[in-house]
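Colleague: Below is one structure. I have some questions about it.
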């Protein structure tokens, strides 16, 4: 039998090609099946936010060998050996630590615990916690006096500054500081403590913000001057030049043109960033004449450096470094050139001159995410930038100002969705020309305390107060007009079109960002007793609240908002509509001014001035005592 | 040389002991020099309603603004344009811890701190009423006497409390004066006597005129002289409180009342606008001069302008009712006295036509006392 010849399926020489094609198709099919079997994107790694370190502040030991780093999400303070660039000690402190002070002899550390309302005292050598000292509400910045006997603590929620007697460990007095004091700086001569206030003074929503640098005489332990810095807010760190350079202060700030329509972001110049240059009055006679203040911008004409925050001088004062937390940049300032600029341009012109920075900013150094603070070594050879959302430090060589290395502080190596969302929250690169990030107007995930002309192109119409982001997850809809049903709408196309004037966030970024915003917690309530029991006044106020049917619109089950809009007669002259979203009342005491446009500077004014027709509850029949009680109850929410 | 010095020292000591007995006998300071601040030298208004001392600073409240005097000169006049709540300033209290200055006005409370004003009114805060007659500091609390009751502000928590006829034994809500003691707060109520607030217990205790008569004093030294009380002071040395009424001066030591009328004492007038007290001194700010009682010796010294000659008059009334009049080259600005504050040995006096600075001159004091004692 002769074999039956097989029919060739493929011409001779085509087999390898067919094999290749088949393989490619099979791989494509496998890839398709694989994709079909999995979601569109891999789920982000689940890393609890609390596992990150989130370093916020760093101070050098007196000998310059160690850098003490405060980590707010880890409730810890670290010691970094600057020679080995390794973490050599770690201590757990209170909740949400924010700053560290080193005693004059270098033997003791003091760490402020924002959410515990305490200061942890540590032995600098052993890193053992010796004592926990009670402070006012929301302690942030702190410094000892020159003797090391008194500790000054900025209470951001209490709006005051505690003075603690360190020998007895007790508070001896509290000095008023408007408003939300954040950072304290002891002057080099030890005679003064300066306090930078994050939020501006309460004032008319029709006027530009005015911020305050509070000056305390350490001999008298009294506030001797409140240096007003007009047109700016969010004063953060303070750096003092050496005496041979005039001992002036640099205080980074944000300078918003919040009264202009934000539609003009596309023309630039709406939110600028810079620093106040302050020559403090040095005695009582000069204080009567007030300190001298100038303002310079750190932005370029066509690009902005948002989040001016950390500040430090080199020991000789020849250079100053300012971190831009929302631009991931450190500006290197040649102080000779800065001082020349200050002499050449009239002080009145400087705050709006976008051509200043090119005269004195000699370098822009890249950092990792969210550079919150900077510390310069006592020998002036190195600077260390605290990368808050990277759990790292950026080491910079001086005077060359070369980025030397990244020092890993030991946080998780993966980036969670929340961390990614928080980074986006802090990233101004999504805004036209990098003018601002979400955080710029929501500092500390809260609010900036001013009213903005958001979407209406007409100057002055429909100005609305900024709103806090703390605890907003379950308070939809959003915006004062209640038009945004969810945070995705609020933070997605709307932000891109009306605020950032850019492409905005893509779908994944938006999901990350919203996840982060929804995770922002409410801070502890300082007006409510630990056990939750009400005082007599609060109890009486509670009765008023329900008797007056406040709960109809401020529904307790849903964060004291009915989640609808209502017209309670608060529309001002330039409001298009009187319908406004009913605001949630959680931690309402942290949020003055009140009403949609911030016209009520206190809770009382909501009813004493802005409820003439009894539309915001029938309140005209209330006695003053009842109103006071109601206010006390509202503070407990 | 050495011997001469020793003799001089001995002579001085003899001279000192020679003057000491009459001084000790009188046991009251004598103010022989007065420097006056009026509209003629920079005050914004002649009527000075209140005065307070903070170290070397003197604050004066007038009907047209707040005045700061430093080193003997008017350093600054603050008015509503500067941020003050109202032009009529009735009282001033300096927080001894913080140095912050609290000012009671006819338009609410003002806080002056670090060169800036911050105001609290009935509309912007929990203050009971904008007509505030007096202000006082008790630890972290600020107390304000208003026409609608007593307001208390907790500077740390921001809580406002109101004490009125609804929750305290006030027959009238119109409060005039406040004094802070170690454990108590005293309030002068116009028509309601004196109220004592127990700080630890949080309750009130009233002190009223036991006879309840508006025109009579039936029960002398058995209670407050009269319910129309214009001011109250607490003496930290003797632990007594003193109440000025429009019908005499009352003091209470916790057990006994010590009442004084012009009819049988050296008190210049029963119409008393305010009182202050320290050590052995009790001061009554009357419509007919400034009277000082030496409590232990029951000796009165009254200061008032002389009869139209620009000179001052000192009237000393001893416990035996013997009256001695002395003459001084300078005088209080006016005999209508509204309040008083101490500055070391000096006193500052608010009058109807200016602020007067009373200065002790020890060298003259001895001579005057000798004059009073011997009549020569």
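Colleague: I need the Kirkwood Rh of chain A: take the reciprocal of the average 1/r across all distinct C-alpha pairs and report it in angstrom.
Modeller: Across chain A, the inverse of the average 1/r is 26.3 Å.
Colleague: Please report, in whole Å, how far the alpha carbons of chain B spread along each principal axis, starting with the longest.
Modeller: Over chain B, Cα extents along the principal axes are 72, 49, 44 Å.
Colleague: Next question, about the same structure. Report the calculated FRET efficiency for residue A:146 and residue A:519 (r = Cβ-Cβ distance, R0 = 35 Å), to the nearest 0.05.
Modeller: Here the calculated transfer efficiency is 0.25.
Colleague: log₁₀ I(q)/I(0) of the range A:398-494 at q = 0.11, 0.24 Å⁻¹, via Debye over equal Cα point scatterers, no solvent, to two decimals?
Modeller: With one equal scatterer per Cα and no solvent, log10 I(q)/I(0) is -0.48, -1.55.
Colleague: Rounded to the nearest Å, what's the spacing between the alpha carbon centres of the range B:151-213 and the range A:388-425? Just the number, please.
Modeller: Rounded to whole Å, the Cα centres lie 59 Å apart.
Colleague: Separate question: If a/c stays under 1.5 just call it rounded; otherwise compare a/b with b/c (prolate if a/b is bigger, oblate if not). Do that for the range A:67-128, with a ≥ b ≥ c from the square roots of the Cα gyration tensor eigenvalues.
Modeller: oblate
Colleague: Let's test this: bin the Cα-Cα distances of the range B:270-365 at 10 Å from zero up to the farthest pair and state each bin's percent.
Modeller: Per 10 Å bin, starting at 0, the Cα pair percentages come out as 16, 52, 30, 1.
Colleague: Give the peptides A:176-187, B:167-178 in descending order of average Cβ contacts within 10 Å, highest first.
Modeller: Final packing ranking: A:176-187, B:167-178.
Colleague: Helix B:2-26 sits at what angle to the longest principal axis of chain B, using alpha carbons and giving 0 to 90 degrees rounded to 10?
Modeller: 50
Colleague: Roughly what angle does helix B:362-374 make with the longest principal axis of chain B, taking Cα atoms, 0 to 90 degrees, to the nearest 10?
Modeller: The two axes meet at around 70 degrees.
Colleague: Let me ask you something else. Starting from the Cα gyration tensor of the range A:295-370, take the square roots of the eigenvalues, sort them a ≥ b ≥ c, and report rounded, prolate or oblate (rounded when a/c is under 1.5, otherwise prolate if a/b is larger than b/c, else oblate).
Modeller: Oblate, because a/c is 1.5 or more while a/b does not exceed b/c.
Colleague: Find how many whole Å separate the alpha carbon centroid of the range A:495-547 from the alpha carbon centroid of the range A:331-376.
Modeller: 36
Colleague: Among B:103, B:74, A:329, what is the fewest-to-most ranking by other Cβ atoms within 10 Å?
Modeller: By the 10 Å Cβ count, ascending, the order reads B:74, A:329, B:103.
Colleague: Specify the residue with the greatest mean-square fluctuation among B:283, B:257, B:102, computed from a Gaussian network of chain B linking alpha-carbon atoms under 10 Å apart.
Modeller: Of B:283, B:257, B:102, the most mobile in the Gaussian network model is B:257.
Colleague: Semi-axes of the equivalent ellipsoid for the range A:317-360, please: Cα gyration tensor eigenvalues, times 5, square-rooted, ordered largest first, whole Å.
Modeller: Result for the range A:317-360: semi-axes of 20, 14, 7 Å.
Colleague: Rounded to a whole number of µm²/s, how large is the Stokes-Einstein D of the range B:127-254 at 4 °C and 1.567 mPa s, given Rh as the Kirkwood radius over C-alpha pairs?
Modeller: The Stokes-Einstein estimate is 89 µm²/s.
Colleague: Bins of 5 Å, beginning at zero and ending with the bin holding the largest distance: percent of Cα pairs per bin for the range A:296-449, please.
Modeller: Reading upward from the zero bin: 2, 10, 18, 20, 20, 16, 10, 4, 1, 1.
Colleague: For a footprinting-style exposure proxy, rank A:194, B:336 by other Cβ within 10 Å, fewest first.
Modeller: Listing A:194, B:336 from fewest to most nearby Cβ atoms yields B:336, A:194.
Colleague: Most fluctuating residue of B:308, B:354, B:254 in a GNM of chain B with Cα springs under 10 Å: which is it?
Modeller: B:308
Colleague: Which whole number of Å³ per residue matches the convex hull of the alpha-carbon atoms in the range A:596-637?
Modeller: So the per-residue hull volume is 79 Å³.
Colleague: Related question: Would you calculate the separation in nanometres between label points at residue A:406 and residue B:157, each defined as 7 Å from the Cα along the Cα-to-beta-carbon direction?
Modeller: 4.8
FYI, it's all coordinate maths here, none of it is from the lab. Source: prediction; values computed, not measured. With ideal geometry, Cβ positions are generated from the backbone for all residues, glycine too; neighbour counts draw on all protein chains shown.
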